[in-house]
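No lab work stands behind these numbers, since they all come straight from the coordinates. Just so we're clear, the structure is a prediction, and the values are computed from it rather than from any experiment. Cβ placement follows ideal geometry from the backbone for every residue including glycine, while neighbour counts extend to all protein chains displayed.
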Amino acid sequence: MSGAVGSGEEAALAWLVLIVSLPPNPSSLRVRAWRRLRALGAVPLKNSVYLLPFSPEHQEHFHWLTQEIQKDGGEATLLRVERIETMTPAEVIHLFQAARDEDYRALASRFRTVLAALERKSAGRTRARLEEELPRLARELERLREIDFFDAPARREAERLKEAVEGRLRPARAPGQPGEGELRADALRGRRWVTRPRPHVDRLASAWLIKRFVDPEAEFLFAAPEEFPPDAIAFDAPGAELGHHGPDCTFETLLGRFALSDRRLRRLGEIVHEVDLRDGRFGREEARGLDLAIRGLLLVLKDDHEVLAYGLTLFDGLYAASGP
């Protein structure tokens, strides 16, 4: 549900309201409830009243939390409301953006610390520690993206700093070595490819590109980054070579790395970029429809491989319809 919301969409939003009353003891219940609400991306409307934008997934999470609180002796009431009378939709959205901005700024500060250490030309041991820190920060950035429902402005700065750190840490390679230059598709046949669960546009488009133009025998896995199999090729994941680089999304990175110059692929790349990054770089009108179609798949399909199967067909159609 992340993404910019226009004025027309604001009026159509519904909200989940969780009202909780927790006993003073044990204090651990309060801590657990607060951590769970924070992990879900919920924001406080007032003391003991928390909000999430409505979705079946959010409703399920709040239902589980309600049951946990009641089981431990607290009280919890879950409501779905179409509007909050004392606030405009834009004001409610601002609550979510302000909360995520605070998180992104804290993360950006950690990225700046790493970048400053790298710019001091840190010695080997310190550099190794910084290389270990980057995946942790990247995972935190990905976690924030998942609960950034309304594209908080501070996200861009955190992403820029992540890219700057990755650029500093990326080892120099001789020309022709894998990594910075072109890759040969015929050397990557019959491989396992892994990315994060619940694939949205960039992961689905990249998997389609791999399957149709790079590795027709590709097997795709979905896992948390810390559980990626060592023999699988990672894509669109924190720290992956085949991921976001500079202003490019993963799909665009793959086009460049495999030297795919098909005009239709370039057009698809512009649409995927617009859905994924929402930076107005290409202004493709098709982006909104594609975004809604994939979000719909994710809502009705719980198995990521089913989402992938439908996604492959969807991108087959987009490619066929994108002209000569």
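At what distance in nm do the modelled label points of residue 79 and residue 57 sit from each other, each positioned 7 Å from its Cα along Cα→Cβ?
Distance between label points: 2.6 nm.
What is the local net charge at residue 229, summed over the other residues whose Cβ is closer than 15 Å to its Cβ (Lys, Arg +1; Asp, Glu -1)? Could the numbers behind the result be given before it?
Numbers: positive: 191, 192, 196; negative: 219, 226, 227, 231.
Neighbourhood net charge equals -1.
Helix 27-40 sits at what angle to the longest principal axis of the chain, using alpha carbons and giving 0 to 90 degrees rounded to 10?
In the chain, helix 27-40 runs at an angle near 40 degrees to the longest axis.
Treating the angle as unsigned and between 0 and 90°, give the value, to the nearest 10°, between the Cα long axis of helix 56-71 and the longest Cα principal axis of the chain.
Its long axis makes an angle of about 40 degrees.
For mean projected area of the Cα convex hull in nm², which listed value, [x] 19.0; [y] 38.4; [z] 16.8, comes from the coordinates shown?
Label [x] holds the value from this structure.
Rank-order 92-105, 217-230, 51-64 by packing density, defined as the average count of other C-beta atoms within 10 Å over each peptide's residues, highest first. Please list the in-between numbers first.
Working: 92-105: 18.5, 217-230: 13.5, 51-64: 16.6.
Answer by packing, highest mean first, reads 92-105, 51-64, 217-230.
About the Cα centre, and with charges only on the beta carbon of Lys, Arg (+1) and Asp, Glu (-1), how big is the dipole of region 90-169? Nearest 20 debye, please. Don't skip to the end; give the middle numbers.
Working: 18 positive and 17 negative charges, 121 e Å.
So the dipole magnitude of region 90-169 works out to roughly 580 debye.
So what is the relative contact order for region 7-85, in percent, with contacts set as C-alpha pairs under 8 Å and at least six apart?
Details: 98 pairs, mean separation 38.6, N = 79.
The value is 49 percent.
I'd like the projected area of region 33-84, averaged over all directions, using the convex hull of its alpha carbons. Report it in nm² with one decimal. Each step should come with its number before you reach the end.
Working: hull surface 14.3 nm².
Answer in nm², one decimal: 3.6.
For a protection proxy built on the mean count of beta-carbon atoms within 10 angstrom, sort 37-43, 200-206 highest first, please.
Numbers: 37-43: 19.0, 200-206: 25.7.
So the peptides 37-43, 200-206, ranked by packing, come out 200-206, 37-43.
Which one of 144, 221, 260 is farthest out on the positive end of the charge dipole of the chain, using unit charges on Cβ (Lys, Arg +1; Asp, Glu -1) and the Cα centre as origin?
144
If each DSSP helix of 4+ residues adds -39,500 (n - 2.57) and the sum is divided by the residues in the chain, what number results at 222 nm, nearest 500 deg cm²/dmol? Walk me through the intermediate numbers first.
On the way: 11 runs with 170 residues, N = 324.
Helix contribution divided over all residues of the chain: -17500 deg cm²/dmol.
Compute the long axis of helix 286-300 from its Cα atoms, compare it with the longest principal axis of the Cα atoms of the chain, and write down the angle in degrees, 0 to 90, nearest 10.
60
Tell me the relative contact order for region 185-321 as a rounded percent, counting alpha carbon contacts under 8 Å between residues six or more apart.
Worked out over region 185-321, it gives 27 percent.
Can you tell me the FRET efficiency between residue 105 and residue 126 if r is taken as the Cβ-Cβ distance and R0 is 25 Å, rounded to the nearest 0.05?
On the way: r = 25 Å, r/R0 = 1.00.
Working from the Cβ atoms, E equals 0.50.
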